[in-house]
Every structure is written in structure tokens, then in C-alpha cells.
Amino acid sequence: SNSSGFTYDAFVLDTKENAEEKIAKNLFLEIKLNKNKCYEGETIVAEYFLYSRVNLMAQLDKRPGFKGFSSIDLPSDAATGQFNYASKSGKVYKVYCLRRVQLTPLQHGELEIDPLEISATVSFLLLKQGQTLSSIDPYYPDKTKEVAYQLTALPTKVFVAPLPEANKPVDGYAPVGRFTMKMVGPTQKLA
């Protein structure tokens, strides 16, 4: 394991192991929201994370739609390939933030945030029964196995409450949230 506790045991496939089962236990997508209850017009942030303990190459198949929301993409580490380590269910994963989106609900009710879909190719180092990592011949031609795998995060629901009718603006525009304003004047004297 490395200094973060990440182990490379999921990179290795023994001949008696099922590749798809091993991938399912060590690779998944998750949508995280900064809140799942808000008012109409109140912004929330959705982040799409890839948790991986396997060696993979991946590509985005389907970008999520945001029906009932206006959306603005926020910077994420997706383009740079940077990752963090995180522990989940007793395992340490490499965690990639694939997408960050600011969403503003345009209607009230229960709205669904769509998942994104990814096609991945997972590459395993093959071990024959009874073989150890130190005994692998690096020049042996059949030492790896590549497996195609589809990933989809579960859709996430957001409950959007309507704005109270009392004092509601007649033009329909109502900024929602906590705001601060600061005025800084020029440093020189004005005539």
C-alpha cells in the first residue's frame, strides 16, 4: 500500500476470480449534492465522482440532462486527471471529480438529477493459480487481461419547495439564498 493506504490488489486478477465481479466491487460512480432540499431559485451544486481501485481507461458516453434546472458548469479536476484518496466501506479509492455543476431549480416539486454514463476498459495483471506478484515474468505475452465495463451512477432526487406567496415579487424574479454586499469607493477624492 502507499502512504494514503491505497492498495494495488484490485489491479491483479487470479485465474479463479470473476473479472466483472471484481470490477463491480472496486469501481463505481456517485453523485453528491451540497443539499437535496431547496427553494425554487436557490442554487445547489452537483458533483459527479468516479471511485476506482482498478487500472482503467474511460470515456464519457452520456452527459446528464438537468430537466427543470438551469445549469452552469463549474471547474473540476476532470481535464487534468487529478485525483484524491478517500476511504469508503473500509477500502481506500482513487476519487476523480468528473463534473461539477451549479443547478438552479426553475420549478418546484421532486426533480431528478440524471446520471452520467461511462464506458471503461479495465486492465488486470493476470496471476496463474499459486503464482505471486514477485514471480511474474514481465516479458510474458499473456500477462494482462482487458475487460470492457459500463458504469452508471444512480439518479438523484432533489425536493424543491415553492417560494412563499407572501411578499412574492409580481415579476416572478426572486433571488433565493443568503447574500452580502460590500461597497468600495475610489481612493481619490471626487469633485
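The values are calculated or read from the model by the stated rules, or taken from the named source; none is laboratory data. All values reported here derive from a predicted model rather than from experimental measurement. Here the Cβ is made from the backbone with ideal geometry for all residues, glycine too, and neighbour counts use every protein chain on show. Note: accessible area is taken over every heavy atom of the protein model, side chains too, but ligands, DNA and RNA are not part of it. Shrake-Rupley method; radii C 1.70, N 1.55, O 1.52, S 1.80 Å.
Determine the gain in length on full extension of the stretch THR121-ASP73; use 0.36 nm per residue of separation and subtract their C-alpha separation, reporting nm with one decimal. Don't jump to the answer; show the numbers that get you there.
On the way: separation 48, 0.36 × 48 = 17.28 nm, distance 2.67 nm.
Taking THR121 through ASP73 to full extension adds about 14.6 nm, to one decimal.
Are any of the pairs LYS35/LYS91; LYS16/LYS88; LYS25/LYS143; LYS35/LYS145 more than 32 Å apart by Cα-Cα distance, and if so, which?
On the way: LYS35/LYS91 26 Å; LYS16/LYS88 26 Å; LYS25/LYS143 22 Å; LYS35/LYS145 41 Å.
Checking Cα-Cα distances, LYS35/LYS145 exceed 32 Å.
Beyond a 18 Å Cα-Cα separation, which of these cross-linked pairs lie in this structure: LYS37/LYS157; LYS32/LYS157; LYS62/LYS94? Mind showing how you got there, number by number?
Working: LYS37/LYS157 9 Å; LYS32/LYS157 11 Å; LYS62/LYS94 22 Å.
Table pairs above 18 Å Cα-Cα are LYS62/LYS94.
Peptides 99-108, 150-159: what's the order by average Cβ count within 10 Å, highest mean first?
Values: 99-108: 17.3, 150-159: 14.6.
Peptide ranking by packing, descending: 99-108, 150-159.
In segment 1-97, which trypsin sites (Lys or Arg not before Pro) are in a loop and have at most 16 other Cβ atoms within 10 Å, using DSSP for the loop call?
Numbers: sites: LYS16, LYS22, LYS25, LYS32, LYS35, LYS37, ARG53, LYS62, LYS67, LYS88, LYS91, LYS94; in loops: LYS16, LYS35, ARG53, LYS67.
Loop-located and lightly packed - LYS16, LYS35, LYS67.
Taking GluC sites (Glu not before Pro) as candidate sites, keep only those in a DSSP loop with at most 14 other Cβ atoms within 10 Å, then name the longest stretch of the chain containing none of them. All intermediate terms of the calculation are to be shown ahead of the outcome.
On the way: sites that count: GLU17, GLU165.
Formally, the longest exposed-site-free interval is 18-164.
For the chain, what is the mean residue ellipticity at 222 nm derived from helices alone (per DSSP H run of n ≥ 4: -39500 (n - 2.57); sum divided by total residues; nearest 500 deg cm²/dmol)?
Details: 1 runs with 8 residues, N = 191.
Computed ellipticity for the chain at 222 nm equals -1000 deg cm²/dmol.
Measuring with a 1.4 Å probe in the full set of protein chains, what accessible area per residue, in whole Å², belongs to segment 1-40? List each step's numbers first, then the result.
On the way: 2370 Å² over 40 residues.
Accessible area per residue: 59 Å².
Among (i) 1.10; (ii) 1.01; (iii) 1.17, only one was calculated for this model; which label is it, if the read-out is Rg/Rh (Cα atoms, Kirkwood Rh)?
Here Rg/Rh (Cα atoms, Kirkwood Rh) agrees with entry (iii).
So, with a 1.4 angstrom probe, what is the percent of accessible area on the chain that is carbon and sulfur?
Values: 6580 of 12710 Å².
Exposed carbon and sulfur together represent 52 percent of the surface.
With every protein chain kept in place and ligands, DNA and RNA left out, what is the accessible area per residue of segment 69-119? Probe 1.4 Å, answer in Å².
Values: 2790 Å² over 51 residues.
Each residue of segment 69-119 exposes 55 Å² on average to a 1.4 Å probe.
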